[in-house]
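Accompanying notes for the structure given below.
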Amino acid sequence: PGIYVCAKCGHELFSSRAKYEHSSPWPAFTETLHGDSVAKREERPGALKVTCGKCGNGLGHEFLNDGPKKGQSRF
C-alpha cells in the first residue's frame with residue numbers, strides 16, 4: 001500500500017489503490033495520482049509511450065482497448 005513514484009525524480013505517479021491484477025508481469029493502474037503525473041504520446045497505432053510528467057523518465061506503455069472493462073473493479 002502507498003504511492004508509486006518516479007524512480008528518477010520522485011514525482012508522484014500512482015496510488016496502490018488504482019493498481020489492478022492482470023496477466024502481464026508489469027504493474028497496471030486505472031488512473032494517475034495527479035493530472036500531471038504522466039505524459040503520453042503515440043509510439044505506434046494502439047500503443048502509447050508513458051513517461052514521467054516531470055522528468056520524462058520512461059515508465060512503459062499503455063495499450064489502447066486493454067485493461068479492466070468500464071465499471072469493472074480489480075477487487
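The values are calculated or read from the model by the stated rules, or taken from the named source; none is laboratory data. Just so we're clear, the structure is a prediction, and the values are computed from it rather than from any experiment. Side chains are part of the model used for accessible areas, which takes the heavy atoms of the whole protein and leaves out ligands, DNA and RNA. Shrake-Rupley method; radii C 1.70, N 1.55, O 1.52, S 1.80 Å.
Structure notes:
- Built amide H within the under 5 Å cut-off of GLY60, gap 5+: VAL50
- Average Cα contact separation per residue, the chain, under 8 Å, 6 or more apart, as relative contact order %: 23
- P(r) tail, the chain: Cα-Cα pairs separated by more than 16 Å, 51% of all pairs.
- Solvent-accessible area per residue, Å², over the chain with all protein chains present [probe radius 1.4 Å]: 75
- Residue ranking by accessible heavy-atom surface, 1.4 Å probe, largest first, among THR51, THR30 comes out as THR30, THR51.
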